[in-house]
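Asker: Below are the structure tokens for one structure; questions will follow.
The values are calculated or read from the model by the stated rules, or taken from the named source; none is laboratory data. Quick caveat, the model's predicted, so the values are computed rather than measured. Virtual Cβ from ideal backbone geometry, glycine too; neighbours counted across all protein chains shown.
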Amino acid sequence: MENWRKSSYSGPADGNECVEIADTPTHVSVRDSKTPTRATLTFPLPVFTLFLGALKSGHPEGM
């Protein structure tokens, strides 16, 4: 996965340090922008979509 992008919330006040994601039609990978060569987490797209929905609803325990 080479299409890494930072959150739109990442900015100069943060030192541009944020979580980055890259996606394919079937998976989403997440990494720390401060250490991009270290560990990367990869999730099937339906699981990542469920996770984001839970975060947005404020009910991550409902996953």
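Asker: Examine region 34-46 for a residue that is at pLDDT below 90 and on the phi > 0 side of the Ramachandran plot, and state whether such a residue exists.
Answerer: Looking for residues that are at pLDDT below 90 and on the phi > 0 side of the Ramachandran plot, one finds none in region 34-46, hence no.
Asker: Exactly one condition in (1) surrounded by 12 or more Cβ atoms within 10 Å (Cβ to Cβ); (2) modelled with pLDDT under 85 is false for Leu50; which is it?
Answerer: Tallying (1) surrounded by 12 or more Cβ atoms within 10 Å (Cβ to Cβ); (2) modelled with pLDDT under 85, Leu50 fails exactly one: (2).
Asker: Going through region 1-15 one residue at a time, which ones are at pLDDT below 70 and under 15 Å from the mean Cα position of the chain (by Cα)? Lay out the reasoning, then the answer.
Answerer: Looking only at region 1-15, we keep the residues that are at pLDDT below 70, and these are 1, 9-15.
Residues satisfying the conditions are Met1, Tyr9, Ser10.
Residues checked against (1) in contact (Cβ under 8 Å) with a residue 24 or more places away in the chain; (2) exposed (fewer than 15 other Cβ atoms within 10 Å of the Cβ); (3) small (Gly, Ala, Ser); (4) closer than 15 Å to Arg5 by Cβ:
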residue	(1), (2), (3), (4)
Ile21	no, no, no, yes
Thr26	no, yes, no, no
Arg31	yes, no, no, yes
Pro36	yes, yes, no, yes
Ala39	no, yes, yes, no
Pro44	no, yes, no, no
Ala54	no, yes, yes, no
His59	no, yes, no, no
